[in-house]
Structure formats: C-alpha cells, structure tokens
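*Asks:* Please read through the structure below; I'll follow up with questions.
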Amino acid sequence: MDDAACCSKSVVDRVVIVGGGLGGLSAAIQLRKRGIDAQIYEKNESISGGEGTLISLFPNGCRALNDADPSVVQKLRAAGVANMKSSVLTPEGNKIGEWSLSRHMEETYGQPMVAILWRNALNILSEAVPKDCKHTNFECYDITQIKHGRMKMGHACISKRKVKLLSSRDMQAPLVIGADGIHSVVRSSLFGPIKPRDNGRTMWRAVIESNLCTHKLLDTGTIATTANGRTLFVVNGVHGKLYWAFSLTDESSDGRAKLRSKSPLEMKERLLEEFKDWELATHILQATDPNLILERRVLDMPVLHQWTKGNCTLLGDAAHAVTPALGQGANLAFEDGCELAFQLSSSPDLRTALGRYEDGRRARAIRVAEQSQSSVGNRSQDFYDWLYTYNPSDLHERMISHHLS
C-alpha cells in the first residue's frame, strides 16, 4: 500500500498516536493510506507483547483492516487459523454442539474469523508501519492543548525494575490520538481519572505447545465450557500452539476469585482445585508450566459520553474497553481507525471530522458493550448480523448524507 495514496486532502497532515498496540498500529496504517503522517509513540522498549494471549479477528475487524491494506489481512490469516471447528462441551466432556464457525462467517459475511496469537498479530501490523514512524521508550504523562495539540513526553530508559525519566520533551501535532488502552494516560489528561469497572471475575490464560495435550477431546478448533460461574475456553492448533483461558466469578467462589495468587505455582494449584471435576481442564492444567500462566481481573469501562476534546481524541480501549465475551476489543479499535481516517480525509475541518468520528462510533460501541455484558442466550442473530456486517463503504453513504443535510 502506497503511504502517499489518499482520496482527498486531509484536514491534518500529521498526527501523533500514543500507544503502539493493535489499535494504534492499525490507525497508523489507515491514516498513512490517506496521506497523513502518523507517528506512533510507545512507552515500552519495543512494540511487542501479548505473551500468553490469543485474539480472534472477526469479519468486521478484518473488513476494516482490509480497507486500508488487504495484504495485512492476508498475512494475519496465514499466521493464524481460519478454518477451525467450534465445540461446546459440558464440564464432564459431553459434546453439546459442534459447527464450523470460521467457514460459516466467511460464507455469510465475506470475511473469516481468524484465531491468531496476539504477538503475531502485533508483529504483522507493526511491519506494515515504516520503522521511522515508530518511537519506543517514550511515555506520555500529560496533554497540553495549545493552538495545535501538544503532548508532553518522557524519553525513557527501561531497566528491569522501573522506568527512569531521563529528559522532558514535547511532541506537537495538529492532532493527538490516545490509543493507550484501558488505563489511558491521554484520557485521564483530557477528562480526569476514570476508573475501569471490575466485572467480578478473574481470568487465567496461557499459551502452551499443542503436543503437550493429548486428550481425546482436543482437536484443531475451539472448545467452550461453562457452568456454575466457571468457564473454560480453548483454541488448539494455531501453528502448533494451544491457548486456554479459565475464568471464575467472585460470587460462585465465595470471593476466592478476588484473591491474587502469590506465585505462578499457586495459580496452577488454585485452578486445579477450582476445576478438579472438569476432566479436560485438569488435563490441560497438568500440561502447563505455571510460569506461563497470566492472572488478570476482568475489567471494562462504560463508553465515554465524550472522547474528543480540542485537538485530541481517543481510540479503542481508551474510549470503550469491553469485556472479552464477544472478542471485539481489537476489532472495534480497527473500526475506530478506519472511521477516524475517513473523517479526517473527507470533512471540511478538524472539528467537524472529530465530531463525526465520535458520533459515528459511540452508538455502536455502546451496543457492543451492552451485549458483552449479556449472556449468549440473550443475544439475537440480528445483533450478530449487525455486528459482523460492518462495512467501510457505508462511511461514504454517511458522508453524502452529511452534505445533503
């Protein structure tokens, strides 16, 4: 994709993106497609991460990325798995249902569902952004609104124990985009501290070698089991890897889920006790090195009433972090980047562009967030059709309606 290619003159020629995660990288790809110089500033030593984590790219996210660079979607598909079957089991291992979800999605919505390791997805998106546009060891600690957006940055030196601030430096740009996640510094600087919401559940995750697990129920594909406030989700066969995620509610465990494990070994022992009657769960846990297990509380954040202020705006989890129930976190961020890039290149001025971006995204983010809190049985097929048929071409129709109104 030629970075200089753009459909029309954009209202800004340069943006600064805070955060080099999936959302920030995808936004940079979208913006550069439209001729906007997008510069990413990441606080970590490198743009990497996602160890122990797998993500699902759904048709809506794939379509948003495809709008910017079809080769990126092709690479994601090659690095992941898009032809797996999905099964639902009882805790005892009895099969409730089985279907080919990935194939169904591609046949129905024109794009597949791709299961891919987070770190591999991050690397593919990072490779699509020129090296000189990615700046690491920069930590944003404040936003100052002047004639143009200005971001105070710290050029950081990473040590094993802490980040030491070596020198203060200001980065100025006509637009600053906060893509720095659920604990966004940009959001706090613009709107004050907003604490994420605890969902009363703890999740444990790991990625291990597939050949360590030989249980008869394990095949290439996904397995989901849920009962009594406990869930097990497995994705097996992603290029020789098996991803698992266990979760436990505070209510079902008499508050035990709230306790933080003191060591990796304690994490494993706790899970073996909580899921001792689940044969497949026990088999997977016994094959897992405890040092690979990640323990996190499940957090989300109500969609902000406002996520644009002056020459700054938010994107992805910084504006609308959702629970992992629908697997839509990264996909919504890809949509955000698609819409923001479109509005910046088709609106008469920056204020109008940011207003249209926020208006175009908020209602959709709210509906997805609400559905992420509901149980599977309460979600209609109409909702899934609406979710997965997101199409960037609809933005052109909205632009025409803006001009006519």
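*Asks:* Mind listing whichever residues of the stretch 349-405 are loosely packed, with under 14 Cβ neighbours inside 10 Å, over 29 Å from Ala325 (Cα atoms) and either of a type in the set (Asp, Glu) or modelled with pLDDT of 95 or more (or both)?
*Replies:* Asp349, Glu397
*Asks:* Can you pull out the residues in the stretch 70-94 that are more than 16 Å from Pro112 (Cα to Cα) and in contact (Cβ under 8 Å) with a residue 12 or more places away in the chain? Write out each step before concluding.
*Replies:* Here is the first cut: in the stretch 70-94, the residues more than 16 Å from Pro112 (Cα to Cα) are 87-94.
Within the stretch 70-94, Ser87, Val88, Leu89, Thr90, Pro91, Glu92, Gly93 qualify.
*Asks:* Next question. Looking only at the stretch 216-234, how many residues end up being touching a residue at least 24 places away in the same chain (Cβ under 8 Å) and within 19 Å of Glu295 (Cβ to Cβ)?
*Replies:* Residues of the stretch 216-234 touching a residue at least 24 places away in the same chain (Cβ under 8 Å): 217-225, 227-230, 232, 234.
Next, only the ones that are within 19 Å of Glu295 (Cβ to Cβ) stay: 229-230, 232, 234.
Number of matching residues: 4.
*Asks:* Can you run down the residue pairs with Cβ atoms below 6 Å, 6 or more apart or on separate chains, where the first is in the stretch 286-305 and touching a residue at least 60 places away in the same chain (Cβ under 8 Å) and the partner is of a type in the set (Phe, Trp, Tyr)?
*Replies:* If the second residue must be of a type in the set (Phe, Trp, Tyr), the pairs left are Ile293/Trp204; Glu295/Trp204.
*Asks:* So, Gly181, is that one at pLDDT 80 or above and closer than 30 Å to Arg230 by Cα or not?
*Replies:* Judged against the criteria, Gly181 is a match.
*Asks:* Against the condition among the basic types (Lys, Arg), under 17 Å from Gly327 (Cβ atoms) and either surrounded by 15 or more Cβ atoms within 10 Å (Cβ to Cβ) or touching a Pro at 6+ places or on another chain (Cβ under 7 Å) (or both), how does Arg201 come out, does it pass?
*Replies:* yes
*Asks:* Going through the stretch 23-40 one residue at a time, which ones are over 19 Å from Phe342 (Cβ atoms) and crowded, with 24+ Cβ neighbours inside 10 Å? Give the steps one after another, and end with the answer.
*Replies:* At the first step, the residues of the stretch 23-40 found to be over 19 Å from Phe342 (Cβ atoms) are 39-40.
The answer is Ile40, and nothing else.
*Asks:* Quick one: count up the residues across the stretch 66-100 that are open to solvent by less than 30 Å² (accessible area, probe 1.4 Å) and acidic (Asp, Glu).
*Replies:* The number of residues fulfilling the criteria is 1.
*Asks:* Sticking with this structure for a sec: Is it fair to say Asp317 is open to solvent by 30 Å² or more (accessible area, probe 1.4 Å) and either touching an Asp or Glu at 6+ places or on another chain (Cβ under 7 Å) or closer than 30 Å to Tyr388 by Cα (or both)?
*Replies:* Answer is yes for this residue.
*Asks:* Hey, among the residues in the stretch 41-65 that are modelled with pLDDT of 95 or more and not aromatic (Phe, Trp, Tyr), which one's most open to solvent (accessible area, probe 1.4 Å)? I'd like the intermediate steps shown before the answer.
*Replies:* Of the stretch 41-65, the ones modelled with pLDDT of 95 or more are 57-65.
Narrowing the set further to residues that are not aromatic (Phe, Trp, Tyr) leaves 57, 59-65.
Working: Leu57: 4, Pro59: 0, Asn60: 0, Gly61: 1, Cys62: 4, Arg63: 36, Ala64: 0, Leu65: 8 Å².
By that ranking, first place goes to Arg63.
The values are calculated or read from the model by the stated rules, or taken from the named source; none is laboratory data. This structure is a prediction, so every number in the text was calculated from the model and none was measured. Glycine also receives a Cβ, built like all others from the backbone with ideal geometry; neighbour counts cover every protein chain displayed. Accessible surface areas use protein heavy atoms only, side chains included; no ligands, DNA or RNA. Shrake-Rupley method; radii C 1.70, N 1.55, O 1.52, S 1.80 Å.
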